[in-house]
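Shown next, in structure tokens, is the structure this report addresses.
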Number of protein chains: 2
Amino acid sequence: MVTLKNIAEELGISITTVSKALKEYPDVSEKTRKLVRETAALLNYQPNSFAVNLRTKESKTIGLIIPVVVHHFFSSVIKGIIAQAEKKGYLVIILQSNESYELEQKQIDLLLRKRVDGILISLANETSDFSHLNKVINQQTPIVMFDKIAKVVKCSKVIIDDRKAAYTATQYLIDIGCKKIAHFRGPLLPQNSIDRFLGYKKALLDNDLEFDVSLVYTCECGDASFEEGKANAKQLLKDHDDVDGIFINTDLVAIGAMKEFNDRGVKVPEDINIVGFSNWFMASVISPSLTTINQPGLEMGKKAFKLLFKEIKSRKANKLITHKQVVLDTDLVVRDSTKNK
Amino acid sequence: MVTLKNIAEELGISITTVSKALKEYPDVSEKTRKLVRETAALLNYQPNSFAVNLRTKESKTIGLIIPVVVHHFFSSVIKGIIAQAEKKGYLVIILQSNESYELEQKQIDLLLRKRVDGILISLANETSDFSHLNKVINQQTPIVMFDKIAKVVKCSKVIIDDRKAAYTATQYLIDIGCKKIAHFRGPLLPQNSIDRFLGYKKALLDNDLEFDVSLVYTCECGDASFEEGKANAKQLLKDHDDVDGIFINTDLVAIGAMKEFNDRGVKVPEDINIVGFSNWFMASVISPSLTTINQPGLEMGKKAFKLLFKEIKSRKANKLITHKQVVLDTDLVVRDSTKNK
DNA sequence: CTGAAAGCGCTTACAG
DNA sequence: CTGAAAGCGCTTACAG
């Protein structure tokens, strides 16, 4: 591998001058600069990033911890993050927490030991203790949370207004004439499951509809799956066969539920109206296509990186870091799984 | 940040001894070793990875270049790679080529400049020149290709037998009674599009069915999309309304085609039998569910990392690197988009 | 405009 | 068993 030393020896000048010439320092003569550049190109010189990292104490690399990779929404976020990072000359190390708190902790430690310039994270469903995140903050590594966040942790966040979106979805079911609306919520812990549930509840109450806890189905298994949708739908038919609308926490679960209804001769939307959440690509291609809340994954990824980038810059300049919370817009996409009565 | 120097000063011993004690060198007294370890723990010492990288000339980081992230098969591969890498203490930098040759080249350079320990890559559809890959090989950085490979490049590869899988799919259509079978192939360049096409053709010929070029629809747009499936299906109905079976290069395209047929009152499987390729999750939940070839993404990712890991080890030990080509098994998953006549 | 020197924080061959 | 020293390949404050 070619080093500065090689170029210096080749030209009979000092390493210092070579370094300065390549970095466009003003105090190098045009002649020397040109000579150095030509020689560097000739020898195909590439700066040793390990040495640069050690000197500059930065690696132009960030870490990303995400609960699941094979997932329409999250993979869209990943795409947004790496696209934006590349623009700014940053690389992204990706880690999957598998919705496990233990793994998430280990991965945070791993990234800190790697001395990444910053961390982006969406929390595992299991995570209810945040000391690992506070550790990151205490040692001044910039961190931005997105989608699945912890409200009490003091850092920048990019989210959607889950409560409002859920309210919109539920209100829509009411507007088209549903009288008894169930809710399949996600696992207990994550903030967005809670918020979506609260939005659902509030819409009912604001419309003088009874809120009945037995109409709320919680995900026992910890992850929102197709199977869970089927199981919940089956149980719902047993418990309440007069339900005429369901607001479901995630498209995948909604698709499972629709499958179960279809298998049992329950018609969507004629017998039951269904609204999902996230607008997975799949939602537009199944039959009936799924009415859902569009959640802007790509945009969320881009925004999260932008915030992180600003904090990295601020920290480098020893400026005060101010935390921001960005709320992205969602919208209701009406398709064929719902129908005005 | 705590350094070896801090620990040494704290204990009044040399940096050398501290380093050796922490690295379990045998020539350090048990007493010193213990003392050093305790102090390191107390001060929460973390080795500076930048310095370690510079000294050891390795970063325990690999690069991954993938055409698309938001994609069921590729995201499964990513999951397999990062899971396996984590087990061996490696981190993964992920880059998306967007099916662009130009980007792919830049990203290879980026990774080489970063001095990653190895590279995993699945080629962009556009890529037909391989000098960037040979550059990697020439400078002795281990590289393993998976799924979308270049046969002529000398390195390890993990693939499926696309030709055989396509043959199986086509033979199955013939077996259930199809007389006129079309093929929606992918873009022109990638090896697996070519191989799937060849498998289709061979199955026809082996069964004494006529091979008709006009029954093969090529993807003009460069990426295999839902829209492409719709467009091809539309064109097919115009050109050949007597086709009774289609073997389609990718599930997503197949789903687009099914949508178009459904919209136009053409029944699947009654009027046309359809076999897809890849076994996206979506294939199992749409109606009718899609008969397809299962392509083991997770396993492919794991295997690709394992091969790369071996080469990294070999290279470090200055051993000869032998390239391997691993062919993973595929199987036909029969669902409701096909039916025995 | 040029360069000697210090230093980033490690690892390791070598001397004692 | 311990430690001084060299060196990985850069960057940059400082002297001339």
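Quick look at the numbers
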{"item": "Test: A:L54 is at pLDDT 90 or above and either closer than 30 Å to B:E58 by Cβ or within 9 Å of chain B (Cβ to nearest Cβ) (or both)", "result": "yes"}
{"item": "Residue list for segment B:7-26, filter: open to solvent by 60 Å² or more (accessible area, probe 1.4 Å) and among the polar types (S, T, N, Q)", "result": "B:T16"}
{"item": "In segment A:27-55, residue farthest from DNA strand C (Cβ to nearest atom) [restricted to those that are exposed (fewer than 12 other Cβ atoms within 10 Å of the Cβ) and among the polar types (S, T, N, Q)]", "result": "A:N44"}
{"item": "Hits in segment A:82-111 (condition: open to solvent by 20 Å² or more (accessible area, probe 1.4 Å) and assigned to a helix (DSSP H, G or I))", "result": "A:A83, A:E86, A:K87, A:Y101, A:E102, A:L103, A:Q105, A:K106, A:D109, A:L110"}
{"item": "Tally of residues being at pLDDT 95 or above, more than 7 Å from every other protein chain (Cβ to nearest Cβ) and either open to solvent by 20 Å² or more (accessible area, probe 1.4 Å) or farther than 22 Å from B:T127 by Cα (or both) across segment B:69-81", "result": "2"}
{"item": "Within segment A:125-153, tally of residues that are within 18 Å of A:T61 (Cα to Cα) and more than 18 Å from the chain's Cα centre (by Cα)", "result": "5"}
{"item": "In segment A:108-118, residue nearest to A:A304 (Cα to Cα) [restricted to those that are free of Cβ contacts under 8 Å to residues at least 60 places away in the same chain and more than 8 Å from chain B (Cβ to nearest Cβ)]", "result": "A:V116"}
{"item": "Search result, residues across segment B:14-31 that are touching a helix residue (DSSP H, G or I) at 6+ places or on another chain (Cβ under 7 Å) and at pLDDT 90 or above", "result": "B:S14, B:I15, B:T17, B:V18, B:S19, B:A21, B:L22"}
{"item": "Test for B:S100: is it among the hydroxyl-bearing types (S, T, Y), out of contact with any Cys (no Cβ under 6 Å at 6 or more places or on another chain) and within 7 Å of chain A (Cβ to nearest Cβ)", "result": "no"}
{"item": "Residue within segment A:87-97 that is on the phi > 0 side of the Ramachandran plot and at pLDDT 95 or above present", "result": "no"}
{"item": "Single unsatisfied condition, A:G89 versus (1) in the same structural domain as A:H132 (by TED's automatic domain parsing); (2) away from DNA strand D (no atom under 16 Å from the Cβ)", "result": "(2)"}
{"item": "Test: residue in segment A:277-299 that is modelled with pLDDT of 95 or more and more than 26 Å from B:G256 (Cβ to Cβ)", "result": "no"}
{"item": "So A:G63, is it more than 10 Å from chain B (Cβ to nearest Cβ), under 18 Å from the mean Cα position of the chain (by Cα) and open to solvent by less than 20 Å² (accessible area, probe 1.4 Å)", "result": "no"}
{"item": "Exclusive hit being among the hydrophobic types (A, V, I, L, M, F, W, C) and away from DNA strand D (no atom under 16 Å from the Cβ), set B:L103, B:L54, B:L35", "result": "B:L103"}
{"item": "Pairs where the first residue, in segment B:1-13, is farther than 21 Å from A:N138 by Cβ and the second is within 10 Å of DNA strand D (Cβ to nearest atom) and open to solvent by 70 Å² or more (accessible area, probe 1.4 Å), C-beta under 8 Å, 6+ apart", "result": "B:L4/B:I15; B:K5/B:I15; B:A8/B:I15; B:L11/B:L35"}
{"item": "Conditions (1) away from DNA strand C (no atom under 16 Å from the Cβ); (2) in contact (Cβ under 8 Å) with a residue 12 or more places away in the chain; number of the one not met by A:E86", "result": "(2)"}
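To keep it simple, each residue is scored yes or no on (1) away from chain A (no Cβ under 14 Å); (2) more than 21 Å from B:V69 (Cα to Cα).
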| site | (1), (2) |
| --- | --- |
| B:L237 | yes, yes |
| B:D263 | no, yes |
| B:P269 | yes, yes |
| B:M282 | no, no |
| B:T291 | yes, yes |
| B:P296 | no, no |
| B:L320 | yes, yes |
| B:L332 | yes, yes |
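The values are calculated or read from the model by the stated rules, or taken from the named source; none is laboratory data. Predicted model, so just to flag it, every value in this text is computed and none were measured. Virtual Cβ from ideal backbone geometry, glycine too; neighbours counted across all protein chains shown. In case anyone asks, the SASA skips ligands and DNA or RNA and just uses the protein heavy atoms, side chains included. Shrake-Rupley method; radii C 1.70, N 1.55, O 1.52, S 1.80 Å.
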